[in-house]
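The values are calculated or read from the model by the stated rules, or taken from the named source; none is laboratory data. The shown structure was predicted, so the numbers you read here are calculated from the model rather than taken from an experiment. All Cβ positions, even for glycine, are placed from backbone atoms using ideal geometry, and neighbour counts span all protein chains on display. With ligands, DNA and RNA removed, areas are computed over all heavy atoms of the protein, side chains included. Shrake-Rupley method; radii C 1.70, N 1.55, O 1.52, S 1.80 Å.
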Amino acid sequence: MAEQLEVKELDQVVVRFSGDSGDGMQLAGNIFSTVSATVGNGISTFPDYPADIRAPQGSLTGVSGFQVHIGAGKVYTPGDKCDVLVAMNAAALKTQYRYAKPGATIIIDTDSFGPKDLEKAQFQTEDYLGEMGIDPDRVIQCPLTTMVKDCLADSGMDNKAMLKCRNMFALGLVCWLFDRDLNLVGNFLKEKFAKKPAIAEANIKVIQAGWDYGHNTHSNAINVYRVETKEKTPGRYMDITGNKATAYGFIAAAEKAGLRLYLGSYPITPATDVLHELSKHKSCGVITVQCEDEISGCASALGASFAGALGVTSTSGPGVCLKSEAMNLAVIMELPLVVLDVQRGGPATGLPTKSEQTDLLQALFGRNGESPMPVMAATSPADCFDAAYQAAKIALEHMTPVVLLTDAYIANGSGAFKLPQMAQLDAINPPYVPEELKGKWTPYMRAENGTRYWAVPGREGFTHILGGLEKDSETGAISTNPENHDLMTRLRQQKIDNIQVPDLEVDGDVNDADLLIVGFGSTYGHLHSAMDELKAKGYKVAQAQFKYLNPLPKNTADVLKKYKKVVVAEQNMGQLAAYLRMKVDGFVPYQFNQVKGQPFVVEELVNAFEEIINKK
């Protein structure tokens, strides 16, 4: 058998870890992702967990999943279906098998497939594999719980503590299957459990046991797989989630601008990790305040901006509803503020742990009065860094609130991230009022680009008052004059229109595509993969993904009108399509809309777009 086993190189592979919410599937997946990123693989991850705080053990509703796609080159999505499925119990196999490819390798813990486990998972017979039509030859059936207990029998750990290590045995088995260096895993655990070395050593021992089990039994595997990196660009890399990348982007922007960073926030899924991450960085001058509600979170950030800081507030869709009045206050006061909206399923409480793109029109128009503000949308977990940085740059340089849209998919998902050099980041130059205007300056005096000058309180000779009532454009005093209100409304709009954003880029068959695929934000990877598959079939296809939504790139109309057919694909009922129809005369696109709380499935996109191309 040993002679038959060989290391087979693959370009890409998808692994899905699944089990009870308490089984540590997110940690096992994160470690495997980090190790893969460390050796230079492209990665994309998708944590998929329930909204239940703690569902009953072994129940169908309590299954938590973590999918990771690793590739020799750039990886755009977490993959439609997995090549390897880890199912830690009967409920995980029952609910997650639909995400496995035909012929996928399945790893199960046979100790968690007893009569009671099968009953909870609603199996009708004890032949659970036959009942689901699974080929037993593709299943690694391992008494995982028993082996973990045997491995840690001399550790002095109690039964509960030993069971918490089960995920590491499964990880060790997966590391064997993909020829991963266990030293990298060990280093990760030693760092994570630096204050609990005994826990780190126990987990490392269990991972080695899982690797040894695979190596010694060959566990139904025909091959051990290796995904080698094709091109290695020098630099320092890390596996980063979108929320962490967003936090780092804000820190970098504040440092570049020479300002303190203030985050006023209220915990809400799936945005809370930004608050958690920023609270760790007091050494970088970051101030974080967990406020009593969403309104105070936004209002306090606006107060920090008035005082001369970079004010940021983070939330999800329901929180934006509550923050809207304070956001409007930022519009009329013309102060910098970044509002991070990590979108989730709605309406109301909706699907708190799932992902949608349903807040676009709320971000663009969801306030009283004419209240224009820039809107951006990050396109991937790693892009969250640049999006946060650029959102802060726009807010500070144009004295305006900015809405940054991410969503649960890219906020919780991760990708390989090359750490940038501070010197290479764009300069950030707030429009501070020139000293020569001392004694002449009034609060709404403007620079050449229409941006209000910024006078930080405490600066001698520049005392001023701002507020929510309309002000006279020349004196800054409260004004109800009709002509003045019309003027100020137009000045606020013109200021946003004057913001320079990059042109809309087109990938693929730029000059002769029969179909242009259009999206915004986090759907970039899935739409790009769909384009690649269609091109491989011989179709002429291009893609344009919006990152800047207000103001739109200046070449938007030219791009959209260039192609015979355009399809706008989004995870809502057509908000971007409606907005583009409003902004571009005569634009009538095809639409692809899903609101499932899950990422697009590339295969479904390809089928739908192929049908559009072939329509007469």
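You will find that of Ala377, Ala382, the residue that is of a type in the set (A, V, I, L, M, F, W, C) and either modelled with pLDDT of 95 or more or open to solvent by 40 Å² or more (accessible area, probe 1.4 Å) (or both) is Ala377 and no other.
Residue under question is Ala387, and the condition is that it be under 30 Å from Thr38 (Cα atoms), without any contact (Cβ under 8 Å) to a residue 12 or more places away in the chain and not β-branched (Val, Ile, Thr); does it hold? It is false that Ala387 is under 30 Å from Thr38 (Cα atoms), without any contact (Cβ under 8 Å) to a residue 12 or more places away in the chain and not β-branched (Val, Ile, Thr). Quick one: would you say Tyr432 is among the aromatic types (Phe, Trp, Tyr), modelled with pLDDT of 95 or more and in contact with a helix residue (DSSP H, G or I) (Cβ under 6 Å, 6 or more places away or on another chain)? So Tyr432 fails the test. Screening region 462-473 for residues that are of a type in the set (A, V, I, L, M, F, W, C) and surrounded by 13 or more Cβ atoms within 10 Å (Cβ to Cβ) and picking the one that is farthest from Arg490 (Cα to Cα) gives Phe462.
Residues that are closer than 18 Å to Gln26 by Cβ and open to solvent by 10 Å² or more (accessible area, probe 1.4 Å) within region 64-74 comprise just one, His69. Within the set Thr95, Thr77, Thr61, the sole residue that is open to solvent by less than 20 Å² (accessible area, probe 1.4 Å) and of a type in the set (Ser, Thr, Tyr) turns out to be Thr77. For the criterion of being open to solvent by 40 Å² or more (accessible area, probe 1.4 Å), modelled with pLDDT under 90, of a type in the set (Asp, Glu) and under 24 Å from the mean Cα position of the chain (by Cα), Asp23 fails. Within region 401-409, is there a residue that is crowded, with 17+ Cβ neighbours inside 10 Å, farther than 15 Å from Phe520 by Cβ and free of Cβ contacts under 8 Å to residues at least 60 places away in the same chain? The answer is no; no qualifying residue exists.
Among the residues that make up region 457-471, is at least one of them assigned to a helix (DSSP H, G or I) and not hydroxyl-bearing (Ser, Thr, Tyr)? No, region 457-471 contains no residue that is assigned to a helix (DSSP H, G or I) and not hydroxyl-bearing (Ser, Thr, Tyr). Just one residue in the set Arg459, Arg452 is among the charged types (D, E, K, R), open to solvent by less than 40 Å² (accessible area, probe 1.4 Å) and over 30 Å from Ser36 (Cα atoms); that residue is Arg452.
If you check Gly476, Gly439 for being of a type outside the set (Asp, Glu) and in contact (Cβ under 8 Å) with a residue 24 or more places away in the chain, only one passes: Gly476.
Scanning region 138-157 for residues that are out of contact with any Phe, Trp or Tyr (no Cβ under 6 Å at 6 or more places or on another chain) and open to solvent by less than 60 Å² (accessible area, probe 1.4 Å) returns Val139, Ile140, Cys142, Pro143, Thr145, Met147, Cys151, Leu152, Ser155, Met157. Regarding region 46-56, can at least one residue be identified that is in a loop (DSSP other than H, G, I, E, B), of a type in the set (D, E, K, R) and out of contact with any Phe, Trp or Tyr (no Cβ under 6 Å at 6 or more places or on another chain)? Scanning region 46-56 turns up at least one residue that is in a loop (DSSP other than H, G, I, E, B), of a type in the set (D, E, K, R) and out of contact with any Phe, Trp or Tyr (no Cβ under 6 Å at 6 or more places or on another chain). Of all residues in region 529-547, at least one satisfies being out of contact with any Ser or Thr (no Cβ under 7 Å at 6 or more places or on another chain), surrounded by fewer than 21 Cβ atoms within 10 Å (Cβ to Cβ), of a type outside the set (D, E, K, R) and touching a residue at least 40 places away in the same chain (Cβ under 8 Å). Restricting attention to region 244-296 and to residues that are of a type in the set (Asp, Glu) and in a loop (DSSP other than H, G, I, E, B), the residue that is nearest to Ser380 (Cα to Cα) turns out to be Asp293. A residue that is under 30 Å from Pro589 (Cα atoms) and among the aromatic types (Phe, Trp, Tyr) occurs nowhere in region 440-462. Answer with yes or no whether Ala363 is open to solvent by 10 Å² or more (accessible area, probe 1.4 Å), within 30 Å of Val595 (Cβ to Cβ), under 20 Å from the mean Cα position of the chain (by Cα) and among the aliphatic types (A, V, I, L, M). The answer is no for Ala363.
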